[in-house]
Every structure is written in C-alpha cells, then in structure tokens.
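First comes the structure, then the notes that go with it.
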Amino acid sequence: MFEGARREESLRRQRYGEIELNSKIVLQIIARPILNWSSLEEWLYLLSEGVDINKSYRYGMRRVGCSLCPLNSSWSEYVLKFLYPSLTKKYIDLLYRFAESRQI
C-alpha cells in the first residue's frame with residue numbers, strides 16, 4: 001500500500017519508516033514515498049504536475065485526507081460544513097441515529 005504520510009505532519013509520523021511490513025495488516029507492505037518531503041516540496045510537486053487540488057485547501061484546510069474526522073479542528077469542521085453541507089448533514093444524522101440505537 002502506498003501512503004502519503006509525511007514526517008512533518010506530526011510527532012507520531014516522525015517515527016514512521018519509509019517501508020514497513022505488517023504494521024497495520026498482516027502481510028501488508030506500506031511504502032511512504034514522500035515521508036521526508038516538506039509541505040513546500042509537496043505543493044511544488046503537485047503544482048508542477050498540474051494535479052487537481054481539493055478545493056478545501058483554498059479555504060484554509062491544511063489536511064484533507066479524512067473528511068468529517070472526529071479528530072478535526074473546529075476550523076476544519078466549519079469549512080467542511082460550508083463546502084459540503086449535505087454530506088456533513090448526512091454524516092451527522094448517521095451518528096445521531098447510531099447513538100440513539102445504542103442509547104448513548
């Protein structure tokens with residue numbers, strides 16, 4: 001599996017190896033080809049290759065790998081609600097229904 005994690009993103013990711021075996025799933029090999037890239041290097045590559053950029057970045061998002069993640073910041077939640085109101089509502093409704101079914 002190829003993963004786009006970079007060491008610069010977090011303290012935990014600083015410990016990642018470029019290649020890992022069986023770290024998450026048995027018999028799986030994880031390759032992280034951009035692990036040592038900076039944000040600047042990542043952006044220069046994307047722009048030089050003409051890669052379509054997720055519009056969330058234009059609204060101040062620093063990471064967009066996991067939309068509607070419970071670990072997102074309040075700003076990320078605000079931007080996602082603004083950009084994707086129907087998706088956000090659908091997800092929140094699903095969480096409420098799940099909580100109600102579990103009587104949480």
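Just so you know, all these numbers are worked out from the coordinates, no wet-lab data involved. Keep in mind the model is a prediction, meaning the values are calculated, not measured.
In deg cm²/dmol and to the nearest 500, what is the mean residue ellipticity at 222 nm of the chain if only DSSP H runs of at least 4 residues count, each as -39500 (n - 2.57), divided by the residue total? Before the final figure, lay out each step's value.
Details: 3 runs with 37 residues, N = 104.
The per-residue figure over the chain is -11000 deg cm²/dmol.
Seen from all sides and averaged, what is the projected area of the convex hull of the Cα atoms in segment 1-46, in nm²?
Details: hull surface 12.5 nm².
If you wrap the Cα atoms of segment 1-46 in a convex hull and average its projections, you get 3.1 nm².
So what is the relative contact order of the chain, in percent, for Cα pairs below 8 Å that sit 6 or more residues apart? Mind showing how you got there, number by number?
Values: 80 pairs, mean separation 18.4, N = 104.
After rounding, I find 18 percent.
Please work out how much length the chain gains when fully extended from PHE2 to GLU100, using 0.36 nm per residue of separation minus the C-alpha to C-alpha distance, in nm with one decimal. It would help to have the intermediate numbers written out before the result.
Working: separation 98, 0.36 × 98 = 35.28 nm, distance 3.74 nm.
Additional length available on full extension: 31.5 nm.
Find the all-direction average of the projected area of the Cα convex hull for the chain, expressing the result in square nanometres with one decimal place. Write down the numbers at each step before the final one.
Details: hull surface 36.0 nm².
So the mean shadow area of the Cα hull is 9.0 nm².
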